Amino acid sequence: PALSGPYRVITQLGVYGFDDTTKRIKLLSVHPGVTVEQVLENSGMDIIIPEFVENSPEPTEDEIRILHEIDPTGIVIK
């Protein structure tokens, strides 16, 4: 539909959503071992940072297996 768009953005640092009113990108969670400061240092965007940012859950063994299947050479996933 014409009024739809991305719902979530997932990077190596965290998970992002969008503010309902402004549609600006908003940090929802940081991945294990990542800080909000690292997200800000590595972004060229003006990200909304909520007062409390959750930690992303650790990936399951099955999720890790799938990630290695889509990145067999380890370019992104070490």
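The values are calculated or read from the model by the stated rules, or taken from the named source; none is laboratory data. No experiment lies behind these values; they were computed from the predicted model shown. Reconstructed Cβ throughout: ideal geometry from the backbone, glycine too, with neighbour counts over all protein chains shown. Please note that ligands, DNA and RNA were not included when accessible areas were found on the heavy atoms of the full protein model with its side chains. Shrake-Rupley method; radii C 1.70, N 1.55, O 1.52, S 1.80 Å.
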Q) Looking at segment 17-63, which of its residues are touching a residue at least 12 places away in the same chain (Cβ under 8 Å), of a type outside the set (S, T, N, Q), over 24 Å from residue 5 (Cβ atoms) and open to solvent by 40 Å² or more (accessible area, probe 1.4 Å)? A) 32, 58
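For segment 1-16, name all the residues that are touching a residue at least 24 places away in the same chain (Cβ under 8 Å) and part of a strand (DSSP E or B). Working first, answer last.
The first filter runs over segment 1-16 and keeps only residues touching a residue at least 24 places away in the same chain (Cβ under 8 Å), leaving 12-16.
Of everything in segment 1-16, those that are touching a residue at least 24 places away in the same chain (Cβ under 8 Å) and part of a strand (DSSP E or B) turn out to be 14, 15, 16.
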Q) Taking segment 64-78 as the search range and keeping residues that are surrounded by fewer than 10 Cβ atoms within 10 Å (Cβ to Cβ) and outside any loop (DSSP other than H, G, I, E, B), which one is farthest from the chain's Cα centre (by Cα)? A) 69
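With respect to residue 30, determine if the residue is modelled with pLDDT of 95 or more and under 13 Å from residue 10 (Cβ atoms). Show your work before the answer.
Details: modelled with pLDDT of 95 or more: yes; under 13 Å from residue 10 (Cβ atoms): yes.
It is true that residue 30 is modelled with pLDDT of 95 or more and under 13 Å from residue 10 (Cβ atoms).
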Q. Does segment 46-54 contain at least one residue that is farther than 20 Å from residue 76 by Cβ and not in a loop (DSSP other than H, G, I, E, B)?
A. yes
Q | Residues satisfying the stated conditions in segment 1-52, i.e. of a type in the set (Asp, Glu) and touching a strand residue (DSSP E or B) at 6+ places or on another chain (Cβ under 6 Å) | A | 19
